[in-house]
Amino acid sequence: MPTVAFHTLGCKVNQYDSQAMLEAFLQKGYTSVPFDSEADVYVINTCTVTGTGDRKSLQAVRRALRQNPSADVVIAGCLAQRDGEKLLETGARLVIGTSRRGQVTELLEEAVRENKRMAAVEKDILRVPFEPLAISDFSERTRAALKIQEGCDRYCTYCIIPYVRGGIRSRPVADIRAEALRFARKGFREVVLTGIHLTSYGRDLEEGTLADAVEACGVEGIARIRLGSLEPVVVTEEFVRRLRAVPQLCPQFHLALQSGSDSVLARMRRRYTAAAFEEAAALLRRSFPGCALTTDVICGFPGETEAEFEETLSLCRRTAFSRMHVFPYSRREGTPAARMPGQVPKAVREERTRALISLGHDLALAYHRSMVGTEKELLCEETNPGCAAGYTREYVPCTVSCEGEAPLGGLLRVRVTGADPDGVTAVPADKEAFSK
């Protein structure tokens, strides 16, 4: 029986796409094996958001060929879309980019049958329709990513993604509900709505908004619905009102900041101001008291002055994020920012990144400490005798001491007893804490 091994880099959208491709291989009679073992086929689903993503993607290709020089290697994802036929020089059998994932097994069979190396990358990715991938399982046994949207047309000046993922394509609401039902039947308790630019969901549909997509996931068996990355423009009174009516919605919102300086946001071509961002954060906090706000921040964007960086620090302090993902600016050839004057030296970018990461640790600790003494719901994702671990509805890692072995996927009412920057500790709130 042939074997296949997957290695996925980057975002939850890539994780979803990898699962769809894996299921295609399984239907063809393949057995899935770990990536660090010898396999007949290796699939590397790549990322090109940063130079680090490029490097790790190519390292994974080389690693696969070292493990089995006679294996067939498939390169998919954003780096594959960007570099296309050039990646055949790595020794890969097939390069497919960010489309035709549903045809991966047929394309590989064609390449093997004709004894050739093949780049099946869609060249006009901007005109590709939404690829109707669907999955029935997920490697995480309690939480599943549900892809509802593909592509982006924002063209932020630092970002390569619109060039490799194409324009806005949204999944019909009926399809979203059908997949949520499949996940519920499989026993998943939580779904995470994902997309390349989730805020744009539905703009290309005659009917369907992001709120509609959230409501479609509120099916029996799904205990939690979590949203991926949002932008302030989507956070309106009407949007928030509809979210509040969905009891499964988790009170954790990822608002992508990138910079707290209006001048930097303008150079980035982000379509909001610092004030608009803070208004959106305040609206979410009024509507969901105690909710967790998480964010992304880029340090050292071209031309960023010390004063502009201080504006970002100040906004982050005021917003009091529960978690911050901080990145030094990564120059991507082909983007407007790569040609901008005032490229910030690497040492300065790294120094500013360290400062924001330090602030992020302080803010996380403060948020986690605010939970001490409160009762929360834990979704049990790891279980051992006397101990269970998972995430609260606010997406805070939680470890709980308990008698016996907690059921995987159980929902446990816990009382938070301790906190550190990485999460919280807790004890069961009552003896009947679990619900299956």
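The values are calculated or read from the model by the stated rules, or taken from the named source; none is laboratory data. Given the structure is predicted, the values throughout are model-derived calculations rather than measurements. Cβ: placed from backbone, ideal geometry, glycine included. Neighbour counts: every protein chain shown.
Summary table
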{"item": "Condition check for residue 316: in contact with a Gly (Cβ under 9 Å, 6 or more places away or on another chain), surrounded by fewer than 22 Cβ atoms within 10 Å (Cβ to Cβ) and of a type in the set (A, V, I, L, M, F, W, C)", "result": "yes"}
{"item": "Test: residue 326 is assigned by TED's automatic domain parsing to the domain that holds residue 257, modelled with pLDDT of 95 or more, in a strand (DSSP E or B) and within 30 Å of residue 162 (Cβ to Cβ)", "result": "yes"}
{"item": "First in segment 235-261 and not assigned by TED's automatic domain parsing to the domain that holds residue 214, second anywhere and outside any loop (DSSP other than H, G, I, E, B), Cβ under 6 Å, 6 or more apart", "result": "none"}
{"item": "Boolean, residue 244 is of a type in the set (Lys, Arg) and closer than 27 Å to residue 369 by Cβ", "result": "yes"}
{"item": "Filtered residue count, segment 217-254, keeping only those that are in a helix (DSSP H, G or I), out of contact with any strand residue (DSSP E or B) (no Cβ under 9 Å at 6 or more places or on another chain) and among the hydrophobic types (A, V, I, L, M, F, W, C)", "result": "4"}
{"item": "Residue in segment 320-337 that is farthest from residue 422 (Cα to Cα), counting only those that are without any contact (Cβ under 8 Å) to a residue 40 or more places away in the chain and surrounded by fewer than 19 Cβ atoms within 10 Å (Cβ to Cβ)", "result": "333"}
{"item": "Cβ-Cβ under 7 Å pairs, at least 6 apart or on other chains, segment 280-299 side in a helix (DSSP H, G or I), far side among the charged types (D, E, K, R)", "result": "287/244"}
{"item": "Given (1) within 30 Å of residue 328 (Cβ to Cβ); (2) within 24 Å of the chain's Cα centre (by Cα); (3) modelled with pLDDT under 95, number of the condition residue 102 does not satisfy", "result": "(1)"}
{"item": "Meets criteria (at pLDDT 95 or above and closer than 23 Å to residue 334 by Cα) for residue 128", "result": "no"}
{"item": "Conditions (1) crowded, with 18+ Cβ neighbours inside 10 Å; (2) at pLDDT 95 or above; number of the one not met by residue 208", "result": "(2)"}
{"item": "Failed condition for residue 2, given (1) over 30 Å from residue 333 (Cα atoms); (2) crowded, with 21+ Cβ neighbours inside 10 Å; (3) in contact with a Phe, Trp or Tyr (Cβ under 6 Å, 6 or more places away or on another chain); (4) not β-branched (Val, Ile, Thr)", "result": "(2)"}
{"item": "Selection count, segment 177-208, where residues are closer than 16 Å to residue 239 by Cβ and more than 20 Å from the chain's Cα centre (by Cα)", "result": "2"}
{"item": "Condition check for residue 300: small (Gly, Ala, Ser), closer than 24 Å to residue 55 by Cβ and either in the same structural domain as residue 267 (by TED's automatic domain parsing) or within 23 Å of the chain's Cα centre (by Cα) (or both)", "result": "yes"}
{"item": "Hits in segment 255-269 - residues which are of a type outside the set (Gly, Ala, Ser) and surrounded by 20 or more Cβ atoms within 10 Å (Cβ to Cβ)", "result": "255, 257, 258, 264, 265, 267, 268"}
{"item": "Exclusive hit being of a type in the set (Asp, Glu), closer than 30 Å to residue 246 by Cβ and either surrounded by fewer than 15 Cβ atoms within 10 Å (Cβ to Cβ) or at pLDDT 95 or above (or both), set 362, 296", "result": "296"}
{"item": "Only listed residue being touching a Leu at 6+ places or on another chain (Cβ under 6 Å) and among the aromatic types (Phe, Trp, Tyr), chosen from 155, 201, 163", "result": "201"}
{"item": "Test result for residue 76, surrounded by fewer than 23 Cβ atoms within 10 Å (Cβ to Cβ), aliphatic (A, V, I, L, M) and not in a loop (DSSP other than H, G, I, E, B)", "result": "no"}
{"item": "Residues (surrounded by 15 or more Cβ atoms within 10 Å (Cβ to Cβ), among the charged types (D, E, K, R) and either over 22 Å from the mean Cα position of the chain (by Cα) or at pLDDT below 95 (or both)) located in segment 370-404", "result": "376, 377, 381"}
{"item": "Flag if residue 389 is closer than 17 Å to residue 293 by Cβ and of a type in the set (A, V, I, L, M)", "result": "no"}
{"item": "Criterion: in contact (Cβ under 8 Å) with a residue 60 or more places away in the chain and touching a strand residue (DSSP E or B) at 6+ places or on another chain (Cβ under 8 Å) - qualifying residue of 163, 158", "result": "158"}
